[in-house]
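The values are calculated or read from the model by the stated rules, or taken from the named source; none is laboratory data. Every value quoted in this text rests on a predicted model; they were computed, and no experiment measured them. Here the Cβ is made from the backbone with ideal geometry for all residues, glycine too, and neighbour counts use every protein chain on show.
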Ligand code: 5GP
Ligand code: MN
């Protein structure tokens, strides 16, 4: 585990010498990206900093309730304002990602900006494009890292409710509510402290997990019943959703979140894939159990990356060719990737 204390001096120097601090989440931001972004925002405001926030694209419904979420400027909705924020920033902190392509349309401007740049993240293999990289893949979430950093900077004094709610959200969403992911006893101690800060855990759990439309639940049933293919010889299952499938169930952004995890509940299945038809390409999500590195699978074959047990990527082409390519890749490489035996 990375000793985060070695960064506190440098971080506090960056904070004290910067006027305009911009916090950037990754494209298709998840609970951890927004949670860590908002938590750091609340902390920076508490020490009197001028902070602002950008997300490359829209937030999913289940994150919009968070305190401060309405202050996050969405690049593709307000390009001029976001370009100004990037242009005015003298410090840009990127949260929960480590590759420039996760910046979406903001990529070129952020890379060429002369502002100081920091990554705070827990993914493997950070790309080197910033002045400082605070990266610890042994942490369950970026939110856990932000908690530790703020605690060290502030000797544990800053614990506002919006800060604690944001970090709790980041931790529970990245661990599937403590079902998977690299959470540790240290994570649970952090969560204990967050709960002691007065957050309403029931309320948050309901807002995140019990807030689906009836159509989303029916889409889940349809995906499992009609669209899941099981390949016992490769201990693999995959689900394919076409645009038409999504239309029939009045799909909104975020509805398929979590679908890729479901096949892993089947006894013997160690690798799961979800194919979603997009405009001109196929979006893929991968999940695995044990020592099957889906991040390597995604980066070698599907222009993507991620974590050991959770990754994603893309296939430039139609669904049929994506599935053919996936099956061919699986046949040729399953033994190499399956390091469980
Ligand atoms: P999800 O399947 O939930 O969309 O993504 C799971 C994880 O895979 C994300 O946390 C992210 O680390 C990674 N990931 C998903 N899609 C991509 C992608 O297109 N490129 C890269 N580099 N990583 C991705
Ligand atoms: Mn994360």
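Annotation: of all residues in the stretch 304-338 being under 17 Å from the mean Cα position of the chain (by Cα) and in a loop (DSSP other than H, G, I, E, B), the one that is farthest from residue 175 (Cα to Cα) is 304. Is one or more of the residues making up the stretch 267-280 part of a helix (DSSP H, G or I), closer than 30 Å to residue 137 by Cα and at pLDDT 95 or above? The answer is no; no qualifying residue exists.
So, residue 126, is that one modelled with pLDDT under 95, closer than 18 Å to residue 178 by Cα and either surrounded by fewer than 17 Cβ atoms within 10 Å (Cβ to Cβ) or within 16 Å of the chain's Cα centre (by Cα) (or both) or not? In short, no. Residues in the stretch 292-303 that are away from ligand 2 (no atom under 16 Å from the Cβ) and assigned to a helix (DSSP H, G or I): 296, 297, 299, 300, 301. Taken across the stretch 72-81, residues that are within 18 Å of residue 162 (Cα to Cα) and touching a residue at least 24 places away in the same chain (Cβ under 8 Å) do occur, with at least one present. The set of residues in the stretch 274-292 that are over 12 Å from residue 314 (Cα atoms) and either within 12 Å of ligand 1 (Cβ to nearest atom) or outside the structural domain of residue 247 (by TED's automatic domain parsing) (or both) comprises 287, 288.
Matching residues to (1) crowded, with 17+ Cβ neighbours inside 10 Å; (2) closer than 22 Å to residue 95 by Cα; (3) modelled with pLDDT under 95:
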{"residue": "159", "(1), (2), (3)": "yes, yes, yes"}
{"residue": "187", "(1), (2), (3)": "yes, yes, no"}
{"residue": "199", "(1), (2), (3)": "yes, no, no"}
{"residue": "206", "(1), (2), (3)": "no, no, no"}
{"residue": "213", "(1), (2), (3)": "no, no, yes"}
{"residue": "219", "(1), (2), (3)": "yes, no, no"}
{"residue": "225", "(1), (2), (3)": "no, no, no"}
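Across the stretch 63-92, the number of residues qualifying as under 18 Å from residue 31 (Cβ atoms) and buried (at least 21 other Cβ atoms within 10 Å of the Cβ) comes to 3.
Of all the numbered requirements in (1) in contact with a strand residue (DSSP E or B) (Cβ under 8 Å, 6 or more places away or on another chain); (2) in contact (Cβ under 8 Å) with a residue 40 or more places away in the chain; (3) away from ligand 1 (no atom under 16 Å from the Cβ); (4) under 27 Å from residue 203 (Cα atoms), residue 90 misses one, and that requirement is (4). Only one of 60, 37 is in the same structural domain as residue 203 (by TED's automatic domain parsing) and surrounded by 21 or more Cβ atoms within 10 Å (Cβ to Cβ). Can you tell me which? Exactly one of 60, 37 is in the same structural domain as residue 203 (by TED's automatic domain parsing) and surrounded by 21 or more Cβ atoms within 10 Å (Cβ to Cβ), namely 37. Please go through the stretch 21-39 and give me each residue that is within 16 Å of ligand 1 (Cβ to nearest atom) and outside any helix (DSSP H, G or I), ordered by number. Those that are within 16 Å of ligand 1 (Cβ to nearest atom) and outside any helix (DSSP H, G or I): 24, 25, 26, 27, 28, 29, 30. When the residues of the stretch 118-145 are filtered to those that are more than 16 Å from ligand 1 (Cβ to nearest atom) and touching a residue at least 40 places away in the same chain (Cβ under 8 Å), the one that is nearest to residue 23 (Cα to Cα) is 118. The sole residue among 44, 59 that is touching a strand residue (DSSP E or B) at 6+ places or on another chain (Cβ under 8 Å) and more than 16 Å from ligand 2 (Cβ to nearest atom) is 44. Residues of the stretch 45-78 that are out of contact with any helix residue (DSSP H, G or I) (no Cβ under 7 Å at 6 or more places or on another chain) and in a helix (DSSP H, G or I): 45, 46, 61, 70, 71.
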